[in-house]
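Written out below as structure tokens is the structure these notes cover.
Computed from the coordinates by the stated procedures, all read-outs in this text should not be read as laboratory data. This structure is a prediction, so every number in the text was calculated from the model and none was measured. When we count neighbours, we look across all protein chains shown, and the Cβ atoms used for this are built from the backbone with ideal geometry, even at glycine.
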Amino acid sequence: MDGDQRSLDDRTPGVEQQESTASYLSYTAGLMLAVLLTIMSFVVSQTNLLWPPGIPVGLVVLAFAQIGVHLVFFLHMGSGPDNTNNILALAFGLLIVFLVITGSCWIIANLNANMPMPPQH
Amino acid sequence: MTVTTIADPVGAGQVRGRGGGGPAPTRTVVAYGFWIFLLSDIIMFSGLFAAYAVLSGNTAGGPTGRELFNLHNVFIETACLLFSSYTCGLGALSAERRQPGQFYIFAVFTFLLGAAFLFVEISEFAGMVSKGAGPSRSAFLSAFFTLVGMHGAHVTSGLLWFVYMIAQVAAKGLRPHVLRRLLCFSLFWHALDIIWVGVLTLVYLMGSYT
């Protein structure tokens, strides 16, 4: 009964619900993946392993993968039904972040391209 | 007989994670509120990221990122913050399990790695300012010092908060309300590492790829 009651609760952000010896393992797996992705980012940026014009895209992809690893293994943002509130808040935050960053870049690039330079004197 | 009617008031057996089963425990409410704060903090950082992305090309004839950034230092900073996040997670876990001895060991590592990150960052800033590449040199450097400095300020306040938390654990023991505060701190520390991934990629790696 007590176990049933626990499983009905909302998930707490940053907490794994089934506390077991697997938790240390989860953090360590996350650390390994994060180290791997960090080293890959540095290698990609410093060598010509990737097609050079594609390097920024590769770096962005690696950064998103790394953020995903942090969210899943360190913040325990899973896809379980009891995690809905946390994921919804995260999705809304990401929407705003996306709007602010792409909106600013878009508008300023447009202004930059269309505004004549003032005359030099 | 009337008592049985309140045993399952909302049919909680079917509803999970959307308030089903009655009010959530304080711990969940506190951590959820802190999670909302962290997301708003990340939204504030998104403004600084946008400013940096827009201004990073405007060096006004001054030094560019390629000339200024030392990727060895950046790699050390990244490693410090990542391992600090890891030991912080393990420390929070041992606090949950009421193992204060392990908690203190992990706490010391977390603090030292965070302080090492801050030391490398401050010496990097001081080196740049002494080379005449301070925040007033160009729009690029203003945006750089604002974005990276804001992250550094968060790490500094995080370290102060963590010292306060260790003192609370020492003075009060691992009580439920101390555990809730520790949970909030570890969320904060992990979020700073997530923001650092963005700083590392946008500022340092994209600013100096070959």
For this session: Mind pulling the per residue volume of the convex hull built on the Cα atoms of segment B:43-189? Å³ is fine.
Result: 104 Å³
For this session: Quick one: compute the contact order of segment A:34-121, relative version, from alpha carbon pairs under 8 angstrom and 6+ residues apart, as a percent.
Result: 19 percent
Seminar exercise, completed: Among the DSSP H helices of chain B, those whose Cα atoms extend at least 24 Å along the helix axis and whose mean Kyte-Doolittle hydropathy is 1.0 or higher are B:26-55, B:100-130, B:139-172, B:176-199
For this session: With an 8 Å cut-off on Cα pairs and a minimum separation of 6 or more residues, tell me the relative contact order of chain B in percent.
Result: 29 percent
For this session: Assign unit charges at the C-beta atoms only (+1 for Lys and Arg, -1 for Asp and Glu), then state the dipole size of segment B:43-133 relative to its Cα centre in Debye, rounded to the nearest 20.
Result: 140 debye
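Can you show me the helix-derived [θ] at 222 nm for the protein assembly as shown, built from DSSP H runs with n ≥ 4 at -39,500 (n - 2.57) apiece and divided by the number of residues, rounded to the nearest 500. Before the final figure, lay out the partial values.
Numbers: 10 runs with 227 residues, N = 331.
Calculated mean residue ellipticity at 222 nm is -24000 deg cm²/dmol.
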Exercise. Just going by the charge dipole of the protein assembly as shown, with Lys and Arg at +1 and Asp and Glu at -1 on Cβ, which of B:Phe111, A:Gly103, A:Phe64 is farthest out on the positive end?
Worked result: B:Phe111
Exercise. With a 10 Å Cβ neighbour count serving as the proxy for reagent exposure, in which order, fewest first, do B:Phe109, B:Phe45 appear?
Worked result: B:Phe109, B:Phe45
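Compute the normalised compactness of the protein assembly as shown: alpha-carbon radius of gyration over 2.2 N^0.38 Å, N being the residue count. Provide the component values of the computation, followed by the final result.
Working: Rg = 22.5 Å, N = 331, 2.2 N^0.38 = 20.0 Å.
Taking the Cα Rg and dividing by 2.2 N^0.38 Å, one obtains 1.13.
Using a 10 Å cut-off on Cβ atoms, rank the peptides A:100-107, B:36-43 from the highest mean neighbour count down.
On the way: A:100-107: 14.4, B:36-43: 17.2.
Going by the mean number of other Cβ atoms within 10 Å, highest first, we get B:36-43, A:100-107.
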Seminar exercise, completed: Taking B:Leu71, B:Leu82 and counting other beta carbon atoms within 10 angstrom, the fewest-first order is B:Leu71, B:Leu82
Problem set entry | Summed residue charge, Cβ within 13 Å of B:Ile166's Cβ, Lys/Arg positive, Asp/Glu negative | +2
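What does the charge add up to near B:Pro63, with Lys and Arg as +1, Asp and Glu as -1, over the other residues with Cβ less than 12 Å from its Cβ? Provide the component values of the computation, followed by the final result.
Values: positive: B:Arg66, B:Lys131, B:Arg137; negative: B:Glu67.
So the environment of B:Pro63 carries a net charge of +2.
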Problem set entry | Packing-based ranking, highest mean first, of A:68-74, B:159-165 given that Cβ atoms within 10 Å are counted | A:68-74, B:159-165
Problem set entry | Residue-averaged beta-carbon neighbours from other chains (10 angstrom radius) around B:39-46 | 5
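Under the rule that an exposed site lies in a DSSP loop and has at most 15 other Cβ atoms within 10 Å, name the longest stretch of chain B with no trypsin sites (Lys or Arg not before Pro) of that kind, not counting the sites themselves. Before the final figure, lay out each step's value.
On the way: sites that count: B:Arg18, B:Arg97, B:Arg98, B:Lys131.
With a cap of 15 other Cβ atoms within 10 Å, the longest stretch comes to B:132-210.
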Exercise. Around B:Phe83, with a cut-off of 15 angstrom between Cβ atoms, what is the net charge of the other residues, counting Lys and Arg +1 and Asp and Glu -1?
Worked result: -2
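So how strong a dipole does chain B carry about its Cα centre when Lys and Arg Cβ are +1 and Asp and Glu Cβ are -1, to the nearest 20 debye? Can you show the working numbers first?
Numbers: 12 positive and 8 negative charges, 114 e Å.
Taking the Cα centre of chain B as origin, the dipole is about 540 debye.
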